[in-house]
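Read through the structure below, which is laid out as structure tokens, and then see the notes.
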Amino acid sequence: MRIIKYNEAISEATVEAMTRDPSIFLTGHAAAYPSGLFGTTARAAETFPGRVFDCPSMENAFAGIAVGAAAMGKRPVFVLPRADFMFLAFDNLLNLACKWHYMYDGNAGRVPIVIRAAVGKGWGQGATHSQCPHAPLAHFPGLTVALPSTPADAKGLLLNAYTNNHPVIFFEHRSLFGTEGEVPEQMDPIPFGKARIAREGTDLTIVATSLMTLEATIAADELAKQGISIEVIDPRTVRPLDEETILASVAKTGRLIVADCSWEMCGFSSEVAGLIAEKGFHSLKAPVRRIALANCPAPVSLPLETAFYPKASTLAQAALRLLNKDEQDLAGIDRVDYFKGPY
């Protein structure tokens with residue numbers, strides 16, 4: 001099977017979807033630049049020059065324009081090189097887009113908007129350019145919130161998003177753009193709300209979002225050398241959430257770590273911990289452990305950034321503690337970050 005990069009998979013899905021559906025148009029900050037937003041829009045801009053264009057810094061206004069265009073039969077795709085810019089669009093996203101179908105029941109059209117946004121650490125992004133706001137967005141009914149962690153999931157979930165009749169928020173971690181994986185040329189859309197078992201195991205479950213799925217898999221591979229069997233669950237979408245797969249895994253292993261790429265308080269890790277407390281408490285052999293960002297804004301300097309973000313060794317140490325095993329020096333398993341800028 002082909003091996004391609006995460007950003008190439010996004011580009012491929014976009015071109016395929018725009019070829020099939022002339023109602024799709026794409027815009028965003030530097031969307032038509034040669035760099036193509038981390039290489040994800042350059043091919044689409046070359047293939048469909050009239051349907052891929054740059055957008056000025058007008059996030060709230062364009063979110064409103066996108067709702068209107070979608071209600072009139074278009075399929076807008078808005079790409080943000082930093083998800084933090086999306087905060088300005090929350091009004092139109094959360095008061096209009098996600099409630100449109102509920103309020104009008106299809107009698108005022110639909111709003112099939114796709115918003116792609118880069119999230120996470122890398123290159124000194126700092127406190128205002130590194131946030132991953134999937135938790136507050138997933139709070140609102142009517143939105144689909146996806147965080148693909150592999151090239152195949154990026155393509156398959158995006159193909160689904162481009163044909164979905166409701167607004168989809170699609171978060172892409174900067175550190176994943178250069179990662180590689182198997183992706184079929186002809187691929188069916190991946191359904192929302194269906195988790196992927198990234199690695200099967202029997203001793204402990206790690207439910208991980210986005211980049212943390214990669215970190216969890218590295219940790220699981222290392223612990224397997226010691227006879228410790230870790231199951232890694234990638235939810236793919238946090239709304240809708242595949243509760244069944246998570247509950248089944250915890251029923252099998254009896255132990256759970258939730259690894260998220262944002263803060264733990266009122267976040268996705270808290271939601272999964274609450275799910276297990278409510279519906280899977282009888283399966284637990286140990287308390288649920290959450291691994292998320294430290295309770296402060298993200299730093300800029302590289303040494304502080306290195307200390308701030310959880311990584312594979314963080315998860316491996318947490319697993320050892322949860323299994324009542326001695327901690328070890330596992331810093332050597334941590335990978336080198338792929339992301340080098342310029343955003």
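The values are calculated or read from the model by the stated rules, or taken from the named source; none is laboratory data. No experiment lies behind these values; they were computed from the predicted model shown. Neighbour counts run over all protein chains shown; Cβ positions are idealised from the backbone, glycine included.
Points worth noting:
- Residue in the stretch 147-159 that is surrounded by fewer than 19 Cβ atoms within 10 Å (Cβ to Cβ) and either in contact with a helix residue (DSSP H, G or I) (Cβ under 7 Å, 6 or more places away or on another chain) or closer than 20 Å to residue 261 by Cα (or both) present: no
- Among the candidates 136, 167, 191, the residue that is closer than 25 Å to residue 267 by Cβ and not assigned by TED's automatic domain parsing to the domain that holds residue 21 is uniquely 191.
- Members of the stretch 23-41 that are outside any loop (DSSP other than H, G, I, E, B) and within 16 Å of residue 75 (Cα to Cα): 24, 25, 26, 27, 28
- Criterion (within 30 Å of residue 312 (Cα to Cα), surrounded by 20 or more Cβ atoms within 10 Å (Cβ to Cβ) and hydrophobic (A, V, I, L, M, F, W, C)) met by exactly one of 197, 115: 115
- Residue match in the stretch 195-210 (condition: part of a loop (DSSP other than H, G, I, E, B) and of a type in the set (D, E, K, R)): yes
- Unmet criterion (only one of (1) in contact (Cβ under 8 Å) with a residue 40 or more places away in the chain; (2) crowded, with 19+ Cβ neighbours inside 10 Å; (3) at negative phi) for residue 269: (1)
- Condition met for residue 259 (in the same structural domain as residue 237 (by TED's automatic domain parsing), in a strand (DSSP E or B) and out of contact with any Leu (no Cβ under 9 Å at 6 or more places or on another chain)): no
- Top-ranked residue of the stretch 1-16 - restricted to ones that are assigned to a helix (DSSP H, G or I) and either at pLDDT below 95 or surrounded by fewer than 22 Cβ atoms within 10 Å (Cβ to Cβ) (or both), ranked as nearest to the chain's Cα centre (by Cα): 8
- Scan the stretch 217-247 for residues that are under 18 Å from residue 154 (Cα atoms) and acidic (Asp, Glu) and the total you get is 2.
- Out of 323, 330, 315, 293, sole residue that is farther than 27 Å from residue 126 by Cα and surrounded by 15 or more Cβ atoms within 10 Å (Cβ to Cβ): 323
- Selection within the stretch 118-134 - buried (at least 23 other Cβ atoms within 10 Å of the Cβ) and either without any contact (Cβ under 8 Å) to a residue 12 or more places away in the chain or not polar (S, T, N, Q) (or both): 118, 119, 120, 121, 132, 134
- In this structure, residue 279 does not qualify as of a type in the set (Lys, Arg), closer than 22 Å to residue 229 by Cβ and surrounded by fewer than 16 Cβ atoms within 10 Å (Cβ to Cβ).
- Scoring residue 298 on the criteria (1) part of a loop (DSSP other than H, G, I, E, B); (2) without any contact (Cβ under 8 Å) to a residue 40 or more places away in the chain; (3) surrounded by 14 or more Cβ atoms within 10 Å (Cβ to Cβ) leaves a single failure, condition (2).
- Hey, residue 311 touching a residue at least 60 places away in the same chain (Cβ under 8 Å) and of a type in the set (Lys, Arg) or not: yes
- Meets criteria (surrounded by fewer than 19 Cβ atoms within 10 Å (Cβ to Cβ) and over 18 Å from the mean Cα position of the chain (by Cα)) for residue 284: yes
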